[in-house]
Amino acid sequence: MSTTVAISPQQGSSTASSAPLEGEAAELVGRLHRIVGESLTAAHSAHEDAGRGRLSVSDERALARKLLADELRRLATDAYSTGRQPLDEATEDAVMTAVLDRLHGLARLQPLLDDPSIRDIHISGANRVWLTMRDGTKVRGPSVAASDDELVELIATAARRLGRSERRWDHAQPELNLQLPNGDRLHALMAVSGRPTVTIRRHDFDIHRVDQLVARGVCNDLLAGFLSAAVRARANVIVAGGTGTGKTTMLRCLINEIEPDERLITVEDSLEIGLERFEDLHPDHETLEAREANTEGVGAITLADLVRSALRMDPHRVIVGEVRGAEVLPMLLAMSQGNDGSMCSIHADSSKGVFGRLAMYAAMTPERLVPEVTNLLVANAVDLIVHLGWVEGERRITSVRQVTGTLEGPHIVSNELWRPDATGTAAPAAPPTRELTDKLERYGFDIEAHAMADGWWR
């Protein structure tokens, strides 16, 4: 059970930011942030209009430093010419650091993002900050901005400049999903909430192999060996679970069991899987990210659009970060039309509940598929469903279900190979089909070594 402890912004070096600038210096930081930020946004647009994409991170940082230095020199010249005292060297350095922190990081939020002991950050207004730590405790964090307006400006600037394409966050577009430079996912709301609300989910990219899941108790050696072999055998896998159960981490670990010579295409609403961090494991990969409409309401590229594009890119496997809408149909078609070994994640409260979710999403597509047609697609496309949940405050695999590929009336026939035991953790329950067992043996799973006394595998 988590513990809640209130701390002041000054407590603890891991959660407290350095003292913010005040008075005229603080106003100057805000003014320079707007000026340089607008210049950078214009530079990005000019770069894209010239067909060269967005500025690289290194080019942007170099340009920001030059623009900021030029502006500070101009201010110093103006001060001398009017008989005023210019900023002293220490204050000027502090102002430059603060502006660069706002431009390239998230200002007073940045120390929290840099703290490895923090798992999640929940912000409801500039001074209401709650931190969930890696050990499960919950603590009160320091204010992340001087006001709600400053918080909105900070996040809106990040939305315009971070990521592959410019994103809006304003009253016309009150919801924002954004990947931060360190890989964390930011979700923000305004206008529809009492105060601007920001949620940051931290990703631990150090966890990226199946054996690490065993070390953390997510599954045992038997289940880990089964899943690794299933991935190598090109089983189509859906990873399911509730919010925060570790679906993305599980997906990343399974992907990293794929041989390096395969061409992988990932499709995500906001980049989270992080294949670019594992170039040695997957040198031939592409990461596709959905794009929102521009201010004129055009230019949107949906997950469904990207899945269809991915299928034209000669992939060995297509991985969809999270299925929650019209992308379900091209994803199922990809799984059933030769892209074996594809994967996706989905929100569901049980492994069997995935079928209802898929049917609901398919009914919402422009094709408005009836459940019988969706079930036929699922039966031909999906091999395994891996469900994750919370067991005594820890993430665990709770169920693994095999889709047999046949139908009984309107229902999909499946076997729950692992089901929750008395503790809620997945335990062997039924053997895989003979066809799957043979595939597992061909791809390194030693059935005999793991044979159960009751003949579970045979």
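Every number in this text was worked out from the coordinates using simple rules, so none of it is lab data. Quick caveat: nothing in here was measured; it's all calculated off a predicted structure. As a convention, Cβ positions derive from the backbone with ideal geometry for all residues, glycine included, and neighbour counts pool all protein chains shown.
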Counting DSSP beta bridges with both partners in the chain, what percentage is antiparallel, nearest 5? 65 percent
In segment 140-160, which residues have a backbone nitrogen under 18 Å from the label point lying 7 Å from Gln173's Cα in the Cα-to-Cβ direction? 152-160
Ile447 paired with Arg277, simple spin-label distance in nm, labels 7 Å along Cα-to-beta-carbon: 3.7 nm
Starting from the Cα gyration tensor of segment 128-207, take the square roots of the eigenvalues, sort them a ≥ b ≥ c, and report rounded, prolate or oblate (rounded when a/c is under 1.5, otherwise prolate if a/b is larger than b/c, else oblate). oblate
Checking rank on 244-255, 332-343, 172-183, with mean other Cβ inside 10 Å and highest first, the result is 244-255, 332-343, 172-183
For the chain the mean separation of alpha carbon contacts under 8 Å (6+ apart) over residue count, i.e. relative contact order in percent, is 11 percent
Assign unit charges at the C-beta atoms only (+1 for Lys and Arg, -1 for Asp and Glu), then state the dipole size of the chain relative to its Cα centre in Debye, rounded to the nearest 20. 620 debye
If you take the square roots of the eigenvalues of the alpha-carbon gyration tensor of segment 4-201 and sort them as a ≥ b ≥ c, do you get rounded (a/c under 1.5), prolate (a/b over b/c) or oblate? oblate
Order of His171, His316 from fewest to most other C-beta atoms within 10 Å? His171, His316
Compare the peptides 27-34, 219-226 by average per-residue count of other Cβ atoms within 10 angstrom and give them in order, highest first. 219-226, 27-34
To the nearest 20 debye, what is the magnitude of the charge dipole of segment 208-325 about its Cα centre, counting +1 on the Cβ of each Lys and Arg and -1 on the Cβ of each Asp and Glu? 440 debye
By counting other Cβ atoms within 10 Å of each Cβ, how are Asp305, Asp70 ranked from fewest to most? Asp70, Asp305
For segment 210-450, convex hull of alpha carbons as volume per residue, Å³: 131 Å³
Please work out whether segment 220-314 counts as rounded, prolate or oblate from its C-alpha gyration tensor, where a ≥ b ≥ c are the square roots of the eigenvalues and a/c under 1.5 means rounded, while otherwise a/b larger than b/c means prolate and anything else oblate? prolate
Residue farthest toward the positive end of the dipole of segment 338-422, with Cβ of Lys/Arg at +1 and Asp/Glu at -1: which of Gly338, Val413, Trp390? Trp390
Under the rule of -39500 (n - 2.57) per DSSP H run of 4 or more residues, summed and divided by the residues of the chain, what mean residue ellipticity at 222 nm is obtained, to the nearest 500 deg cm²/dmol? -11000 deg cm²/dmol
Using the reciprocal of the averaged 1/r over all distinct C-alpha pairs, how large is the Kirkwood radius of segment 60-133 in Å? 14.7 Å
Gain in span if fully extended, Lys66 to Leu333, counting 0.36 nm per residue against the direct Cα distance: 91.1 nm
If the cut-off is a Cα-Cα distance under 19 Å, which lysines reach Lys352, setting aside same-chain residues fewer than 8 apart in sequence? Lys247
